[in-house]
Amino acid sequence: MAITPEEHLSWILERVRRLPSEWAPVREASGRTLAEDAISPNPLPLWDNSAMDGYAVRSADLAGVVPRDGSGSGSDSDDGSGSGIVAEDAVDLRVVGEVLAGSAEDPRLDPGETVRIMTGAPVPSDADAVVAVERTEGEAGPGRWADRAVRMREPVSAGKNIRRRGEDVARGAVLARAGDELTSTRVAALAAAGVERVRVSATPRVAVLVTGAELRASGESLARGEIPESNSALIVGFLEDAGIRASAVRRSADRPEELAAILDECARAADVVITTGGVGPGVRDVTRIALEAEPGVRAVRVAVRPGQPQCAGVLRGGAFIFALPGNPVSAAVSFELFVRPALLTMQGRRSPHRLRVPTRAAVDWPGAAGRLQVLPVSLANDGDALVCAPVVDPRGVSHAVGGHGEAEGYALVGPERGDVRRGETVPVILLGS
């Protein structure tokens, strides 16, 4: 009797072991999983800084300015008592310096004075606002930088165009939590806050082993009945997509005793062993036969198409084994449903599953009665909707490696749903998410 995919995955996740943690430089930790919260040692921004290229000013100097159209005040004062030189609808401020990004200077500003300031530069202590250069007049005209005096024709409120110290992140705030993936954006945020190293889960050591007497290495001549071996490239690529580099890639002839010896060797040097091929019920299915001597491994039929035969469990050598079907799409679907979530769970990932989104079927296709159909699909935008279409023949999925190369997701059609009709809603696992 077949078990559900959910039952098989639950059985696996109960048995995979959590990997130890280690320290890593934050700039080398992209793709890793945090083992403990990352705390910001500094506030962000580190100091009050300018959000614009312009002039740092005392807002009181512009309080008496009345815009030409008479609209807006932007200040708490409209009595014309600003300290600048009021000329009906404008104030001229004397330019006494310049502050660049990265500058340690804190120039003094007396009433009626200003300094040029660049985006990201620290705001002088005597200033409480920044006016964008585009809203001013220099000696050469509107929007042009001034050397001696700048004319401003509108008031400004205190705090305008200033990024306050700590407004983004407070010192001591949690920047990322244990179980989070260290994406490039998270790494950048940690580095910006001054985090130098992080505690991360160890990356699993994964050995890949392919079987099949019909398989030949790339470049070998092919006799009738022989095919190029591609599953190792498939599994190694999936591992790299998950931030894992295969620790070994092996091949085995279709002899149970030879395969058992290689499995034992791999199990003592790796945390996980992934094999493809030979897991069916046939008398020549070498992987299933070799694993019959392993008490911690079970062979099951899973109610999924493709990928029904599966073997999984703990080898006596200590590694967890995933023995997947040999047909390429079956192996790919099995990796997506069972292997990838387990590898991420071993690293403590809080969300080991990819995003699933609703899509609309672009065409009709037949379902798989009694089994979860996992169908490779392409995706496209149709107005506000995301639509999916099969990239392989739904009636013959498991071997269709050529069409599978176009897959952008996997449509999930439940065992009781039946056929899919154009326009119906179908959930899709987004590959790359």
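The values are calculated or read from the model by the stated rules, or taken from the named source; none is laboratory data. The structure presented is a predicted model; accordingly, all values stated were derived computationally and were not measured. Cβ placement follows ideal geometry from the backbone for every residue including glycine, while neighbour counts extend to all protein chains displayed.
In segment 153-171, the qualifying residues are those that are hydrophobic (A, V, I, L, M, F, W, C) and in contact with a Leu (Cβ under 6 Å, 6 or more places away or on another chain), and the one that is surrounded by the most Cβ atoms within 10 Å (Cβ to Cβ) is Val156. Regarding segment 269-278, can at least one residue be identified that is touching a residue at least 60 places away in the same chain (Cβ under 8 Å), among the small types (Gly, Ala, Ser), outside any loop (DSSP other than H, G, I, E, B) and more than 23 Å from Val333 (Cβ to Cβ)? Yes. Just so you know, in segment 251-293 the residues that are at pLDDT below 90 and of a type outside the set (Val, Ile, Thr) include one that is surrounded by the most Cβ atoms within 10 Å (Cβ to Cβ), and it is Ser252.
When you check Ile235 against the structure, is it part of a loop (DSSP other than H, G, I, E, B) and modelled with pLDDT of 85 or more, yes or no?
On the way: part of a loop (DSSP other than H, G, I, E, B): no; modelled with pLDDT of 85 or more: yes.
Here the answer is no, as Ile235 does not meet what is asked.
Scanning segment 310-361 for residues that are under 12 Å from Tyr410 (Cβ atoms) and of a type in the set (S, T, N, Q) returns Ser334, Thr359. Can you say whether Val200 is under 30 Å from Val16 (Cα atoms), surrounded by 18 or more Cβ atoms within 10 Å (Cβ to Cβ), touching a residue at least 12 places away in the same chain (Cβ under 8 Å) and within 21 Å of the chain's Cα centre (by Cα), as far as the supplied structure shows? Taking the combined requirement at face value, the residue satisfies it.
All told, Gly219 meets the bar of being farther than 29 Å from Arg18 by Cβ and not basic (Lys, Arg). For beta carbons closer than 9 Å, sequence separation of 6+ or different chains, a first residue in segment 340-367 that is closer than 20 Å to Arg421 by Cα and touching a residue at least 12 places away in the same chain (Cβ under 8 Å) and a second that is in a strand (DSSP E or B) and hydroxyl-bearing (Ser, Thr, Tyr), the qualifying pairs are Pro358/Thr425; Thr359/Thr425; Arg360/Thr425; Ala361/Thr425; Ala362/Ser378. A residue that is of a type in the set (Lys, Arg), over 30 Å from Val91 (Cα atoms) and at pLDDT below 95 occurs somewhere in segment 202-218. For segment 372-398, a residue qualifies if it is over 31 Å from the mean Cα position of the chain (by Cα) and within 18 Å of Ser334 (Cβ to Cβ), and exactly one does: Gly396. Do we have any residue at all in segment 307-317 that's touching an Asp or Glu at 6+ places or on another chain (Cβ under 6 Å) and hydrophobic (A, V, I, L, M, F, W, C)? So far as segment 307-317 goes, yes, one or more of its residues are touching an Asp or Glu at 6+ places or on another chain (Cβ under 6 Å) and hydrophobic (A, V, I, L, M, F, W, C). What number of residues within segment 294-312 are within 31 Å of the chain's Cα centre (by Cα) and hydrophobic (A, V, I, L, M, F, W, C)? Result for segment 294-312: 5.
Val392 meets each of the listed conditions (1) surrounded by 20 or more Cβ atoms within 10 Å (Cβ to Cβ); (2) over 30 Å from Ala233 (Cα atoms) apart from (2).
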